[in-house]
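K.L.:
This structure is in structure tokens; I'll ask about it shortly.
Any read-out appearing in this document is the output of simple, stated calculations on the displayed coordinates, not a laboratory observation. Quick caveat, the model's predicted, so the values are computed rather than measured. Here the Cβ positions follow ideal geometry from the backbone for every residue, glycine too, while neighbour counts run over all protein chains shown.
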Amino acid sequence: MTRGILDFLRGGAQAPSPRQRRKLFFERAPDHIYAVGDVHGYDDTLGRLEELIVADARGRAGTKWLVMLGDYVDRGPKSSAVLTRLTTQPLVGIRRICLSGNHEAVMLDFLGNPSTNHQWLRLGGQETLASYGLNRLPADREEQKKLLRSLIPVKHVAFLESLPSMLQVPGYCFVHAGLKKGVAPADQTDADLLWLRPLASDNAAAANGLVTVHGHTPVASVEIGAGRINVDTGIYMSGILSAVRLSRREPPDIIQSR
């Protein structure tokens with residue numbers, strides 16, 4: 001158990017958030033990778049998408065990973081259920097790897113430093129608190145912390161705190177938001193990986209020989225370009241949750257659920 005989570009349990013003032021998140025580098029990619037865009041509390045839709053992915057993977061030989069690109073909480077009605085799914089329900093035959101989004105980072109900051117005017121509450125945090133049964137935040141800070149500790153499972157906090165900010169395999173770099181141009185993957189900051197908005201010019205060519213696969217910036221349909229793939233189809237506006245399958249010997253394919 002990390003210092004941040006102990007602080008959370010004991011009511012300390014220190015936010016349970018790491019200074020710099022881990023980055024994952026793999027020298028070999030699996031045969032198939034499914035990358036899922038921003039979920040934002042839509043657990044039922046995520047469940048249907050996972051069923052479609054498992055069915056698709058069942059008919060394919062080789063190793064399979066599912067990479068979740070972050071933003072599991074906020075805006076939708078079932079953020080708590082999404083975190084429970086990701087922490088307790090593994091997928092048969094598929095390795096699931098979850099990355100952090102900016103909404104997870106802001107939620108962690110709120111848990112360590114709660115207040116009625118915290119920016120997280122304006123970014124969808126109210127809906128997340130409601131999914132834990134907290135519809136009204138008391139004015140007193142100590143009361144806030146006491147309620148949060150009683151309602152939010154430590155397992156959820158530990159999960160949020162442990163999420164890496166990047167995953168790289170040969171040919172692809174998976175992040176929540178994007179990569180800063182001209183900076184090597186190992187030197188990217190969490191601020192950019194979790195918050196950056198990509199430019200149209202980033203589509204032109206792969207940077208460092210890597211196609212960036214990301215969410216964070218909602219688009220009407222999955223964008224597949226030479227330099228990057230955007231999988232965030234804005235579920236809280238469109239009702240559509242999207243994934244892209246990246247296979248060794250096939251072009252990218254899109255899987256979606258409502």
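K.L.:
Taking 8 Å as the Cα distance limit and 6 or more residues as the minimum spacing, I'd like the relative contact order of the chain as a percentage.
P.N.:
Worked out over the chain, it gives 24 percent.
K.L.:
While we're here: For GLU143 and GLU250, compute 0.36 nm times the residue count separating them, minus their Cα-Cα distance, and round to one decimal in nm.
P.N.:
33.1 nm
K.L.:
A follow-up question, please. Might you report the magnitude of the Cβ-based charge dipole of the stretch 158-256 about its Cα centre, with Lys and Arg at +1 and Asp and Glu at -1, to the nearest 20 debye?
P.N.:
240
K.L.:
On to the next question. Let me check I've understood the local charge: for THR63, count other residues with C-beta under 11 angstrom from its C-beta, Lys and Arg +1, Asp and Glu -1. What total comes out?
P.N.:
My count for the surroundings of THR63 gives +4.
K.L.:
Would you mind listing how long the stretch 78-125 runs along its three principal axes, going by Cα atoms, in whole Å with the largest first?
P.N.:
44, 18, 17
K.L.:
Something else now. Compare the Cα positions of ALA81, ALA177, SER150 along the charge dipole of the stretch 48-193 (+1 at Cβ of Lys, Arg; -1 at Cβ of Asp, Glu; about the Cα centre) and return the one farthest towards the positive end.
P.N.:
Looking along the dipole axis, the top candidate is ALA81.
K.L.:
Counting only Cα atoms, I'd like the Rg/Rh figure for the chain, Kirkwood definition for Rh.
P.N.:
Reported Rg/Rh (Cα atoms, Kirkwood Rh): 0.97.
K.L.:
Now, a different point. In whole angstrom, note down how far apart the Cα centers of the stretch 205-254 and the stretch 92-118 are.
P.N.:
21
K.L.:
How big is the dipole moment of the chain about its Cα centre under a simple scheme where the beta carbon of each Lys and Arg is +1, that of each Asp and Glu is -1, and everything else is neutral? Debye, nearest 20, please.
P.N.:
In total the dipole reaches around 460 debye.
K.L.:
Hey, got a sec? Which GluC sites (Glu not before Pro) in the stretch 113-194 land in a DSSP loop and have at most 14 other Cβ atoms within 10 Å?
P.N.:
Here no GluC sites (Glu not before Pro) fit, given the DSSP loop and packing criteria.
K.L.:
Rounded to the nearest 500, what is the 222 nm mean residue ellipticity of the chain from helices alone, with -39500 (n - 2.57) per DSSP H run of 4+ residues and division by all residues? Please report the intermediate quantities before stating the final value.
P.N.:
Values: 9 runs with 81 residues, N = 258.
Mean residue ellipticity at 222 nm (helix-derived): -9000 deg cm²/dmol.
K.L.:
Suppose R0 equals 30 Å; then what is the FRET efficiency for THR88 and ALA226 from their Cβ-Cβ distance, rounded to the nearest 0.05?
P.N.:
0.20
K.L.:
Based on the Cβ-Cβ distance from ASP109 to ARG60, what FRET efficiency comes out when R0 is 35 Å, to the nearest 0.05?
P.N.:
Working from the Cβ atoms, E equals 0.30.
K.L.:
Next question, about the same structure. One-quarter of the Cα convex hull surface for the stretch 146-219, in nm²?
P.N.:
6.6
K.L.:
What does DSSP give for the chain in terms of the percent of beta bridges that are antiparallel, rounded to the nearest 5?
P.N.:
50
K.L.:
To the nearest 10 degrees, how steep is helix 43-58 against the longest Cα principal axis of the chain, on a 0 to 90 scale?
P.N.:
30
K.L.:
What is the local net charge at PRO170, summed over the other residues whose Cβ is closer than 15 Å to its Cβ (Lys, Arg +1; Asp, Glu -1)?
P.N.:
Here the count lands on +1.
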